[in-house]
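Q: Structure incoming, see below.
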Amino acid sequence: MAEVEAAERFHPFLRESGYGTEVVDGSRYEGNFENFLPNGSGRKTWMSGDAYQGEWKEGMRHGKGEVSYAGGAKYVGQFSENLFHGKGKFTWPDGTYYDGQWIQGRE
């Protein structure tokens, strides 16, 4: 089962709030931030090739978003504190999928 790491956090931004780009350890975030953390709308791409586009709250994926994994899997739906939570669709690389409710990262 694909799960999103709940413990992931960001290094501080140089500015407290606004819109900007941050590149740390091969990962890149571009979007809105507040109190030095991603907050609002933004996109993050990891060095692995995984990417997330969507809503952020206090540095975590929270709200509506989409994550694409380098291996070909994809999730579109709701997040809560970095986990799949609420209505969402996960599609595996072979085309099979689960479309339904998620609770704290699990179907």
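The values are calculated or read from the model by the stated rules, or taken from the named source; none is laboratory data. Here the structure is a predicted model, which is why all the values come from computation and not from measurement. Note that we place each Cβ from the backbone using ideal geometry, even for glycine, and neighbour counts take in every protein chain shown.
Q: Would you mention how many residues in the stretch 13-24 are part of a loop (DSSP other than H, G, I, E, B) and either farther than 26 Å from Leu83 by Cβ or modelled with pLDDT of 50 or more (or both)?
A: Counting residues in the stretch 13-24 that are part of a loop (DSSP other than H, G, I, E, B) and either farther than 26 Å from Leu83 by Cβ or modelled with pLDDT of 50 or more (or both) gives 4.
Q: Does Arg43 fit the bill of being basic (Lys, Arg), touching a residue at least 40 places away in the same chain (Cβ under 8 Å) and in contact with an Asp or Glu (Cβ under 8 Å, 6 or more places away or on another chain)?
A: Here the answer is no, as Arg43 does not meet what is asked.
Q: Just wondering, is there one or more residues in the stretch 76-94 that are surrounded by fewer than 17 Cβ atoms within 10 Å (Cβ to Cβ) and under 14 Å from Lys44 (Cα atoms)?
A: No, the stretch 76-94 contains no residue that is surrounded by fewer than 17 Cβ atoms within 10 Å (Cβ to Cβ) and under 14 Å from Lys44 (Cα atoms).
Q: Still on this structure, please answer the following. What pairs come up if the first residue lies in the stretch 94-107 and is over 17 Å from Ser80 (Cβ atoms), the second is of a type in the set (Ser, Thr, Tyr), and their beta carbons are under 6 Å apart, counting only those six or more places apart or on different chains?
A: Tyr97/Thr91
Q: Looking at (1) at pLDDT below 85; (2) not in a loop (DSSP other than H, G, I, E, B), which is the one condition that is false for Tyr52?
A: Checking Tyr52 against (1) at pLDDT below 85; (2) not in a loop (DSSP other than H, G, I, E, B), the one that fails is (1).
Q: Which residues, taken from the stretch 58-72, are surrounded by fewer than 17 Cβ atoms within 10 Å (Cβ to Cβ) and more than 17 Å from Gly105 (Cα to Cα)?
A: Hits for the stretch 58-72 are Glu58, Ala70, Gly71, Gly72.
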